[in-house]
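Accompanying notes for the structure given below.
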Amino acid sequence: MNRSTTSTAIPTRALKFEALANISASFELFCLASGMEALGEMMDHDARAICGPRHARGHDRRAHRWGKTRGKIGFHGGKVEIERPRLRNFEGKEQALPSWEAAVAANLTKHCLHSPAG
């Protein structure tokens, strides 16, 4: 008998499902990183609009920079931590960043793409 009793066939269906899962995870990570980068740029733009350029003085400023803090934002049913600028108005009260407030209010989990398995 010259027939092999061991199958050499690769379980392609299982490999395709694994590859799709890896692509979906990579895509989610890419979307998260891109979204965090875009939100960071928007918050920096808000800070410049409210406080002016870094180390600038002037009468158009409505607040000043007060370091950075970490905040959490919803993503796929969980929370992701992101660093954001802190601003204080001239009375010493925290000044909100419009982009941060909008992102928190939007509940990003409603707008995310869901994988076929999820």
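Any read-out appearing in this document is the output of simple, stated calculations on the displayed coordinates, not a laboratory observation. Note that the coordinates shown come from a computational prediction; the quantities given were computed from them, not determined experimentally. Cβ: placed from backbone, ideal geometry, glycine included. Neighbour counts: every protein chain shown.
For the reader, a short list of remarks on this structure follows.
- Summarising the amide proton neighbourhood of Leu87: residues at separation of 5 or more, or on other chains, whose placed amide H is nearer than 5 Å comprise Trp66, Gln95.
- Once the Cα-Cα distance is subtracted from the 0.36 nm per residue extended length, the Ser26 to Glu81 segment shows a gain of 17.9 nm.
- Inter-label distance for Ala56 and Glu101, nm, one decimal - labels placed 7 Å from Cα along Cα-to-Cβ: 2.1 nm
- With a simple spin-label model that places each label point 7 Å from the Cα along the Cα-to-Cβ direction, the separation between Thr69 and Glu18 comes to 4.6 nm.
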